[in-house]
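Below is one structure, written out as structure tokens; comments come after it.
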Amino acid sequence: MGSRLIPQKRGSGRPRFRSPGHRYMGNVSYPKGIYGKGTGGQVIDLVDDRARTAPLAKVMLEDYSEMLMIAPEGIQVGQWIQTGDEAPSAKGNILPLKKITEGTDIYNIELTMGDGGRLVRASGGAASIVSHEKTSGLTQIRLPSKQTIFVKSNAYATVGRIAAGGRKDKPMIHAGQRWYQKKARNKMYPRVGGTSMNAMDHPHGGGGHPHVGRPTTVSRSTPPGSFCLQG
């Protein structure tokens, strides 16, 4: 009998494979107070979060509650941001898609109003508004991948482009740099492909076949790493 696969070991819940959530700054989503009439707030700090590729801005709202938001390019400590239907379409402000002019860069886009932001959250990313369709109540958005989607116009987004866009400009010269980068999130590095393993370690291993094998489809309820060999 072969050894357990790496995905099976990850499912065991050992600390080596567990996400280090105690190092993370917290959830980055839109609070309920920004919707409707909205509110304002002042940026009090810019922080680095191990869980994300982009820096975060800590905002003190008018009701003295704090909000974490993904920082846009050019934001500064002390800057005032506005949220809600009446907020102007300025960098860092959070407002509905229908209030943002066409061609504007946006990020942290909601798919439905109130979900807190789902799309375009990585460093340097930005989508753009293509058009508004008032009859259907939808807004056409071009994502960083050049794909266009339609989102309800009452969903919220942040105006601007996400900071830290030059993150990938400096390459990883040494393998140790990549190792520490992955270790911050408890990611496995280096990763070995199944075809490079022995047959006892992975169903794709062994090298005695001309093509890569493919396990048959298994149920979503099966344990991590489960597979069935094709006969």
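Checked against the criterion of being more than 24 Å from PRO55 (Cα to Cα), at pLDDT 95 or above and not β-branched (Val, Ile, Thr), the candidates LYS152, LYS134 yield just one match: LYS152.
Considering only the stretch 107-124, how many residues are of a type in the set (Asp, Glu) and surrounded by 15 or more Cβ atoms within 10 Å (Cβ to Cβ)?
Going through the stretch 107-124, the residues of a type in the set (Asp, Glu) turn out to be 110, 115.
Now drop any that are not surrounded by 15 or more Cβ atoms within 10 Å (Cβ to Cβ), which leaves 110.
Going through the stretch 107-124 one residue at a time, the tally reaches 1.
Okay, residues lined up against (1) closer than 20 Å to GLU73 by Cβ; (2) more than 25 Å from the chain's Cα centre (by Cα); (3) at pLDDT below 95:
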residue	(1), (2), (3)
LEU143	yes, no, no
TYR180	no, no, yes
MET188	no, no, yes
HIS204	no, yes, yes
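This table checks each residue for (1) surrounded by fewer than 16 Cβ atoms within 10 Å (Cβ to Cβ); (2) modelled with pLDDT under 95; (3) of a type in the set (D, E, K, R); (4) over 16 Å from the mean Cα position of the chain (by Cα).
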{"site": "GLN42", "(1), (2), (3), (4)": "yes, no, no, yes"}
{"site": "LEU56", "(1), (2), (3), (4)": "no, no, no, no"}
{"site": "MET60", "(1), (2), (3), (4)": "yes, no, no, yes"}
{"site": "VAL77", "(1), (2), (3), (4)": "yes, no, no, yes"}
{"site": "ILE81", "(1), (2), (3), (4)": "no, no, no, yes"}
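Residues in the stretch 62-75 that are outside any strand (DSSP E or B) and at negative phi were compared, and the one that is surrounded by the most Cβ atoms within 10 Å (Cβ to Cβ) is ALA71. If you check ALA90 against the conditions, is it touching a residue at least 24 places away in the same chain (Cβ under 8 Å), crowded, with 18+ Cβ neighbours inside 10 Å and not aromatic (Phe, Trp, Tyr)? No, not satisfied. The residues of the stretch 21-71 that are of a type in the set (Ser, Thr, Tyr) and free of Cβ contacts under 8 Å to residues at least 24 places away in the same chain amount to a single one, TYR64.
The values are calculated or read from the model by the stated rules, or taken from the named source; none is laboratory data. Since this is a predicted model, take the numbers as computed values, not measurements. Here Cβ is always computed from backbone atoms with ideal geometry, including for glycine, and neighbour counts include all displayed protein chains.
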